[in-house]
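Note sheet for the following structure.
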């Protein structure tokens, strides 16, 4: 188990990590949050690259807070692949094994070839990084991290710089690879779709704090706060202002059901994901908001329609198919109340309406 106990980090007068407390078991955990959430900072503390200003890091019950990087049983894969340019793929993968005095010398060759085959680069062992594609270089970097058995494996958005097809392929490979890992695997990502595809327990970070932990699918279905809902929405969440009344929530002249116990007069935020905004009336109890078309972005088989609600904020509708809309034209944004999450603005807590 990896235990992060009360870790705080301040840099240049700013709080980068604020009282992080986590217990991470063996196997994979996803670290999810936007770019400034503190994911890399937390991983650097775990790896021993950045000493915390307060708190401890324990691995298997052993306090490693003051232990040097070289003496920690940890491997780190960065977003930008880092390989030794003068060494072959074989020697890159073998390098951590040769530095580990506890690893049997006679087992190095077998382990290198085993990991290379696992990562699909077995036929590239004689090449140097400069002769490889970006995806092959990242596979080499991951293979080097996997070669030596470690207690903690850290992966900091390792697929972010790869093209979509390769990213999907590697993601599937890694999911199977980490399913039965004997150590702790911490995988950082800013992409909620990636976190959902892995299906591993998630830690949601925001502004250097732990916002929530738990099953990622459950967090997506019922986010406990606006910040968690935003972290789990790509494209970005649509947020509308509302005020609780006796008969429900008033939102730009429309009425939505209010969660039980919400006192009248309380300001709230109503959140809806872009794919749940329609421009044709879906039937049932859908609520319509008149709007002005600002932009239509066509991306392959779908259209992102940017709308300015009358008297309200911008919203984005993610629509299937290719749609043609003229900027300045009129449209109606329809929202089903069952798809709306209601959050109390003051402290970000919330529940589905």
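Observations on the structure shown:
- Qualifying residue in the stretch 185-194 (condition: in a loop (DSSP other than H, G, I, E, B), crowded, with 20+ Cβ neighbours inside 10 Å and in contact with a helix residue (DSSP H, G or I) (Cβ under 6 Å, 6 or more places away or on another chain)): no
- Number of residues in the stretch 9-48 that are part of a loop (DSSP other than H, G, I, E, B) and in contact with a strand residue (DSSP E or B) (Cβ under 8 Å, 6 or more places away or on another chain): the value is 7.
- Complete set of residues in the stretch 54-72 that are crowded, with 17+ Cβ neighbours inside 10 Å and at positive phi: 55
- Counting only residues that are over 23 Å from residue 122 (Cβ atoms), in contact with a strand residue (DSSP E or B) (Cβ under 9 Å, 6 or more places away or on another chain) and surrounded by fewer than 20 Cβ atoms within 10 Å (Cβ to Cβ), the stretch 151-181 holds 2 of them.
- Among residues of the stretch 119-150 being over 20 Å from residue 109 (Cβ atoms) and surrounded by fewer than 16 Cβ atoms within 10 Å (Cβ to Cβ), the one that is modelled with the highest pLDDT is 131.
- Residue satisfying condition, being surrounded by 15 or more Cβ atoms within 10 Å (Cβ to Cβ), touching a residue at least 24 places away in the same chain (Cβ under 8 Å) and not in a helix (DSSP H, G or I), within set 75, 116: 75
- If you go through the stretch 324-338 and keep only what is in contact (Cβ under 8 Å) with a residue 60 or more places away in the chain and either in a loop (DSSP other than H, G, I, E, B) or not assigned by TED's automatic domain parsing to the domain that holds residue 278 (or both), you end up with just 336.
- The single residue among 109, 100 that is out of contact with any helix residue (DSSP H, G or I) (no Cβ under 7 Å at 6 or more places or on another chain) and farther than 24 Å from residue 185 by Cβ turns out to be 109.
- Flag for residue 256 being assigned by TED's automatic domain parsing to the domain that holds residue 145, in contact (Cβ under 8 Å) with a residue 40 or more places away in the chain and in contact with a strand residue (DSSP E or B) (Cβ under 6 Å, 6 or more places away or on another chain): no
- Checking 286, 271 one by one, the residue that is in the same structural domain as residue 246 (by TED's automatic domain parsing) and surrounded by 19 or more Cβ atoms within 10 Å (Cβ to Cβ) is 271 and no other.
- Within the stretch 216-228, being within 15 Å of residue 31 (Cα to Cα) and touching a helix residue (DSSP H, G or I) at 6+ places or on another chain (Cβ under 9 Å) holds for 216, 217, 219, 220, 228.
- Total residues in the stretch 291-313, condition assigned to a strand (DSSP E or B), within 16 Å of residue 239 (Cα to Cα) and touching a residue at least 24 places away in the same chain (Cβ under 8 Å): 4
- For the stretch 195-215, a residue qualifies if it is closer than 15 Å to residue 23 by Cα and either touching a helix residue (DSSP H, G or I) at 6+ places or on another chain (Cβ under 8 Å) or not assigned by TED's automatic domain parsing to the domain that holds residue 17 (or both), and the qualifying residues are 200, 201, 202, 204, 205, 211, 212.
The values are calculated or read from the model by the stated rules, or taken from the named source; none is laboratory data. Predicted model, so just to flag it, every value in this text is computed and none were measured. Reconstructed Cβ throughout: ideal geometry from the backbone, glycine too, with neighbour counts over all protein chains shown.
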